[in-house]
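Here is the structure we will look at.
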Amino acid sequence: MKKIAVVTGGARGIGNGISRALHEAGYLVAANYHSGVETAKKFHEETGIPIFCWDVSNYEACERGIAEVCEALGGTVDVLVNNAGITRDSMLHRMNPEDWTKVIVTNLNSVFNMCRLTIPSMRDKNFGRIINISSVNGLKGQIGQSNYSAAKAGILGFTKSLALESASKGITVNAIAPGYISTDMTDAIKEDVKERIKAGIPLGRFGKIEEIAHSVLFLADEKSSFITGAALSVNGGQYL
Ligand code: CAA
């Protein structure tokens, strides 16, 4: 039987690549999205992957969204990829409370919401793969990203704790910490800052979406059963 995979923020950026890779590998994929209706529709038309709209920062919305996915795909979630994330970059002395809160609830509360709501059925069937997308900047910090780095570092602690709680239940919980990947999010960085960042990456380039998707496939695989609580860096050798 095909396994069911849910990818939050699964219709654009890195999530788009993850959804496609899981679909091609034979999973029944549900791609969540929130804003960006047109992008999501185009993604669905191109791939045939079903799309589901809900706000991952809202617990009740996640509850409704997951119920809808399970109904549509005819089972419970086997693989959860918590990928949805936003940036609101600014130096802390200029950051407003809204930009702090928005990033924390979207990037970190969402991981709690989605895991809290899917872990009971994974425990019941003694199988699950949870893959949380953190960031190199959650490991090392970044100028202008105190909110984003805090959320992404929070994901790492959360991942390790849930991995311990789930170890006896056949559920692995891992994080991937991507470096700078070519997406709309990194395109928005000012050119001079981008060049400076690139100079700090030993491979001399930004990563490709497919390179993150490949790591997700690896961790999602049934045979990756002895890897849990890990934070896999996929960042071109960036200095930590
Ligand atoms: N490395 C070194 N110095 C940096 C830097 C960097 N990456 N980014 C900014 N600085 C320095 C600037 O040179 C500047 O220094 P001086 O005051 O000495 O001139 C100082 O920090 C302030 O920077 P700006 O002049 O650019 O100030 P600003 O207020 O106009 O903009 C900023 C601040 C919004 C943080 C902007 O610098 C920026 O966008 N930086 C990039 C932040 C970043 O890396 N975001 C990642 C987005 S992608 C992502 O998040 C995905 C992922 O997981 C990796």
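The values are calculated or read from the model by the stated rules, or taken from the named source; none is laboratory data. Worth saying up front: this structure is predicted, and the values here are computed from it rather than measured. With ideal geometry, Cβ positions are generated from the backbone for all residues, glycine too; neighbour counts draw on all protein chains shown. Please note that ligands, DNA and RNA were not included when accessible areas were found on the heavy atoms of the full protein model with its side chains. Shrake-Rupley method; radii C 1.70, N 1.55, O 1.52, S 1.80 Å.
Tabulated data
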| read-out | value |
| --- | --- |
| Selection count, the range 75-112, where residues are free of Cβ contacts under 8 Å to residues at least 24 places away in the same chain and over 14 Å from Ala150 (Cβ atoms) | 4 |
| Selection from the range 108-129 of residues that are out of contact with any Asp or Glu (no Cβ under 9 Å at 6 or more places or on another chain), over 21 Å from Ser57 (Cβ atoms) and of a type in the set (Lys, Arg) | Arg123 |
| Conditions (1) surrounded by fewer than 16 Cβ atoms within 10 Å (Cβ to Cβ); (2) within 15 Å of the ligand (Cβ to nearest atom); number of the one not met by Glu165 | (2) |
| Flag for Val216 being touching a helix residue (DSSP H, G or I) at 6+ places or on another chain (Cβ under 7 Å), open to solvent by less than 70 Å² (accessible area, probe 1.4 Å), closer than 11 Å to Ile131 by Cβ and not in a helix (DSSP H, G or I) | no |
| Single unsatisfied condition, Pro97 versus (1) open to solvent by less than 60 Å² (accessible area, probe 1.4 Å); (2) over 23 Å from Lys190 (Cα atoms) | (1) |
| Hits in the range 34-50 - residues which are under 17 Å from Val77 (Cα atoms) and either of a type in the set (A, V, I, L, M, F, W, C) or in contact with a Gly (Cβ under 9 Å, 6 or more places away or on another chain) (or both) | Ile49 |
| Single condition Gln142 does not satisfy, out of (1) in a loop (DSSP other than H, G, I, E, B); (2) over 26 Å from Tyr239 (Cβ atoms) | (2) |
| Count of residues meeting criterion [touching a strand residue (DSSP E or B) at 6+ places or on another chain (Cβ under 7 Å), within 15 Å of the ligand (Cβ to nearest atom) and more than 17 Å from Gly9 (Cβ to Cβ)] in the range 109-162 | 3 |
| Sole residue being touching a Leu at 6+ places or on another chain (Cβ under 7 Å) and among the small types (Gly, Ala, Ser), chosen from Ala40, Ala61, Ala25 | Ala25 |
| Residue that is nearest to Ser149 (Cα to Cα), among those in the range 173-191 that are open to solvent by 10 Å² or more (accessible area, probe 1.4 Å) and more than 10 Å from the ligand (Cβ to nearest atom) | Ser182 |
| Qualifying residues in the range 75-94 (those that are of a type outside the set (Val, Ile, Thr) and out of contact with any strand residue (DSSP E or B) (no Cβ under 8 Å at 6 or more places or on another chain)) - the one surrounded by the fewest Cβ atoms within 10 Å (Cβ to Cβ) | His93 |
| Ser135 small (Gly, Ala, Ser) and either over 25 Å from Ile49 (Cα atoms) or surrounded by fewer than 17 Cβ atoms within 10 Å (Cβ to Cβ) (or both) | yes |
